[in-house]
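Take a look at the structure below.
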Amino acid sequence: MSTICAHGLGYIGLPTAAMFANYDNDVIGYDTSTEVISQLENGEVHFDEPGLRAFVTQALESGNLSVSDEVVPAKYHIICVPTPFDDDAKEPNLDYVEAAGEAIAPHLRTGDTVILESTVPPGTTVATLQPALEESGLSAGRDFALVHCPETVLPGNIITELRQNNRIIGGVNGVSTEAAVRLYESFVEGEIRTTANATTAEFVKLIQNTFRDTNIALANEIAKLAADYEIDSREVIDLANDHPRVNIHQPGPGVGGHCLPIDPWFLGQGSDQLELISTARDVNDGMSHYVVELLEGELGSLNDAKIAILGVAYKGNVGDTRKSPGLALAQELQERTEAAPNAVADGGEPSDVELALTDPHVEDQTLSLEPLSEALQGADAAVITTDHDEYADLDIGAVTSSMRTPRIIDTKDILEPADWDRDQIDLIRL
């Protein structure tokens, strides 16, 4: 049994802490939020993730997991703190990483291991975390082990992927790497790959998500090109992917979540070589504008139109709204409405749009969410922006009777065209 202090009990830190605890390690979960600590002490989990509540409860009831608002000495310190991103400056905020190092330093002992799991720009482990830890008077790689081991899990399947996904471990030296390998071997069923250094491990995580983001941008551009030729983008991508060396992703309303829209920019923090990657980001961020253009093309005008947006979570069957394409579309339409008076004054068309947002998986009191039936009532168009199972099973009769003009833009390709191919319903697929 190893003693572990897990720093940060969010989307990654809490499942990771519970995982180590459920594999017979002695884990103290630390968070600066007293509210988070209080909720966990009462057996409550502060975010939605399938199976997590029972998994955390098991860890707490076993006695292997406890929570604290204070850092404690431990053989292993695992850092899973946020790395917020400034969209305007295109820069990450590494204050939480540095603060974690500073909090660990007074408790650091010879022979301990510090592992950074947070997603960070290349070089962060050595340039930001190491100096903070060495305020202890100890030297990384000599007195204590220092490692980067990025998480690579998908919300909605975190517990399974923590176990089964391959892990990448890179330390500041070989001794550091091996110390982390021994720990993760306690539960990882996938392959554990080691790298020459921490910066390589940081870089690998970022290019994994950058590959996906860039591939989606290609699919989105293909979708727009196919529309100009009046052909089905999904069909051409499916046919193209029959080739053994082609694997084009699927188009959509944009890219959401904490990783894909952000990680590509992390690559450019120490380099000015982002060209294709930054263009891909622009393509994906521009998809909300393209969907608005689709709406305008179908409706003729957005003035006095009611648009129902089906899905404000960034992915299907979860409640995570971070970087949500549905919310980006809502913002784009809202900005059209707010700019309408100036547009009319300049000789343009008014654009007074009524928005209705709905999502069965999101519980966010700051969003004006409506039940699906109310969102569809009197709508001129419905845009599916999240591939929830509930939307794949939409009742055709209810849609027809509720909407003012039954018109659906399916940006996630979850409706079967043959089922909706009828005169009174207009189905447009991205």
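The values are calculated or read from the model by the stated rules, or taken from the named source; none is laboratory data. Remember, it's a predicted structure, so these values are computed and weren't measured experimentally. We place every Cβ from the backbone using ideal geometry, glycine too, and count neighbours over all the protein chains shown.
For residues that are assigned to a strand (DSSP E or B) and either closer than 18 Å to Val97 by Cα or of a type in the set (Ser, Thr, Tyr) (or both), tally how many sit in the range 146-168.
3
For the range 280-314: of the residues being in a loop (DSSP other than H, G, I, E, B) and more than 26 Å from Ile425 (Cβ to Cβ), which is farthest from the chain's Cα centre (by Cα)?
If we take residues in the range 280-314 being in a loop (DSSP other than H, G, I, E, B) and more than 26 Å from Ile425 (Cβ to Cβ), then Gly286 is farthest from the chain's Cα centre (by Cα).
With respect to the numbered conditions (1) of a type in the set (Gly, Ala, Ser); (2) over 26 Å from the mean Cα position of the chain (by Cα); (3) closer than 23 Å to Glu293 by Cβ, which one is the sole condition not fulfilled by Ala356?
(2)
Among the candidates Glu117, Glu161, single out the residue that is out of contact with any strand residue (DSSP E or B) (no Cβ under 9 Å at 6 or more places or on another chain), under 22 Å from Gly29 (Cα atoms) and modelled with pLDDT of 95 or more.
Checking each option against the conditions leaves just Glu161.
Tally the residues that are of a type in the set (A, V, I, L, M) and not in a loop (DSSP other than H, G, I, E, B), restricting the search to the range 134-145.
2
Output the qualifying pairs, or none if there are none: Cβ atoms under 6 angstrom, residues six or more apart or on different chains, first residue in the range 400-414 and crowded, with 22+ Cβ neighbours inside 10 Å, second residue among the basic types (Lys, Arg).
Partner pairs satisfying both residue conditions: Asp410/Arg429.
Condition (residue is crowded, with 21+ Cβ neighbours inside 10 Å, touching a Gly at 6+ places or on another chain (Cβ under 6 Å) and assigned to a loop (DSSP other than H, G, I, E, B)) applied to the range 320-330: is it met by at least one residue?
Yes, that holds for at least one residue.
I'd like the residue in the range 376-392 that is in a helix (DSSP H, G or I) and more than 11 Å from Thr358 (Cβ to Cβ) and, out of all such residues, is nearest to the chain's Cα centre (by Cα).
Top of the filtered list is Asp389.
Would you confirm, using the coordinates I've provided, whether Val27 is within 29 Å of Asn317 (Cα to Cα) and buried (at least 18 other Cβ atoms within 10 Å of the Cβ)?
So Val27 does not fit the description; no.
Among the residues of the range 239-249, is there at least one that is outside any loop (DSSP other than H, G, I, E, B) and either among the aromatic types (Phe, Trp, Tyr) or surrounded by fewer than 16 Cβ atoms within 10 Å (Cβ to Cβ) (or both)?
yes
Can you pull out the residues in the range 117-128 that are closer than 19 Å to Thr194 by Cβ and without any contact (Cβ under 8 Å) to a residue 60 or more places away in the chain?
none
Given the options Thr195, Thr210, Thr214, name the one that is surrounded by 14 or more Cβ atoms within 10 Å (Cβ to Cβ) and under 18 Å from Gly174 (Cβ atoms).
Thr195
For the range 1-113, give me every one of the strands (runs of 3 or more DSSP E) that falls completely inside it and has 1 or more residues that are under 20 Å from Gly171 (Cβ atoms) and assigned by TED's automatic domain parsing to the domain that holds Ala180.
3-7, 76-79
For the range 177-196, check the following and say yes or no: at least one residue is part of a helix (DSSP H, G or I), more than 30 Å from His361 (Cα to Cα), of a type in the set (S, T, N, Q) and touching a helix residue (DSSP H, G or I) at 6+ places or on another chain (Cβ under 8 Å).
Among the residues of the range 177-196, not one is part of a helix (DSSP H, G or I), more than 30 Å from His361 (Cα to Cα), of a type in the set (S, T, N, Q) and touching a helix residue (DSSP H, G or I) at 6+ places or on another chain (Cβ under 8 Å), which makes the answer no.
State all residues of the range 133-176 that are out of contact with any Ser or Thr (no Cβ under 9 Å at 6 or more places or on another chain) and among the polar types (S, T, N, Q); if no residue qualifies, say none.
If the condition is that a residue be out of contact with any Ser or Thr (no Cβ under 9 Å at 6 or more places or on another chain) and among the polar types (S, T, N, Q), then Ser136, Ser139, Thr152, Asn157, Thr160, Gln164, Asn173 are the ones that fit.
Just one of Gly297, Gly268 is touching a Leu at 6+ places or on another chain (Cβ under 6 Å) and either closer than 17 Å to Ala227 by Cβ or not assigned by TED's automatic domain parsing to the domain that holds Leu154 (or both); which is it?
Gly268
Among the residues of the range 300-313, is any polar (S, T, N, Q), touching a residue at least 12 places away in the same chain (Cβ under 8 Å) and under 30 Å from Phe85 (Cα atoms)?
For the range 300-313, residues polar (S, T, N, Q), touching a residue at least 12 places away in the same chain (Cβ under 8 Å) and under 30 Å from Phe85 (Cα atoms): absent.
I'm told Glu49 meets every condition in (1) closer than 26 Å to Glu102 by Cβ; (2) within 24 Å of the chain's Cα centre (by Cα); (3) surrounded by 14 or more Cβ atoms within 10 Å (Cβ to Cβ) except one. Can you identify the failing condition by its number?
Here Glu49 clears every test but (1).
Restricting the range 341-374 to residues that are modelled with pLDDT under 75 and touching a Leu at 6+ places or on another chain (Cβ under 9 Å), which is surrounded by the most Cβ atoms within 10 Å (Cβ to Cβ)?
Among residues in the range 341-374 that are modelled with pLDDT under 75 and touching a Leu at 6+ places or on another chain (Cβ under 9 Å), the one surrounded by the most Cβ atoms within 10 Å (Cβ to Cβ) is Ser351.
Hey, among the residues in the range 151-170 that are more than 20 Å from Arg53 (Cα to Cα) and buried (at least 23 other Cβ atoms within 10 Å of the Cβ), which one's farthest from the chain's Cα centre (by Cα)?
Top of the filtered list is Gly170.
Collect the residues in the range 393-419 that are within 22 Å of Glu296 (Cβ to Cβ) and assigned to a helix (DSSP H, G or I), keeping them in residue-number order.
The answer is Val399, and nothing else.
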